[in-house]
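Trainee: One structure coming up, written as structure tokens, with questions to follow.
The values are calculated or read from the model by the stated rules, or taken from the named source; none is laboratory data. Computed from a predicted structure; not experimentally measured. Cβ atoms come from the backbone with ideal geometry, glycine included; neighbour counts cover every protein chain shown.
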């Protein structure tokens, strides 16, 4: 049983080295901190580019921020 737990922990630790971040790392977009998080304007531009927002919605939201 202990070996299974150790293997799972090791897998999670190595996954962090391959670009995947464990949920407890505290960095990234979920917590709004860290150097790789996007600004609100960057997210807005991406949503507009994907077609999720109309031009009017984009302009209205951009002016609010």
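Trainee: For region 44-60, enumerate the residues that are part of a helix (DSSP H, G or I) and at pLDDT below 90.
Mentor: none
Trainee: Within region 24-43, which residues are loosely packed, with under 10 Cβ neighbours inside 10 Å, closer than 30 Å to residue 59 by Cα and modelled with pLDDT under 70?
Mentor: 32, 35, 36, listed by residue number.
Trainee: Another question about this same structure. Can you name the number of the only condition in (1) in a helix (DSSP H, G or I); (2) at pLDDT below 85 that residue 21 fails?
Mentor: (1)
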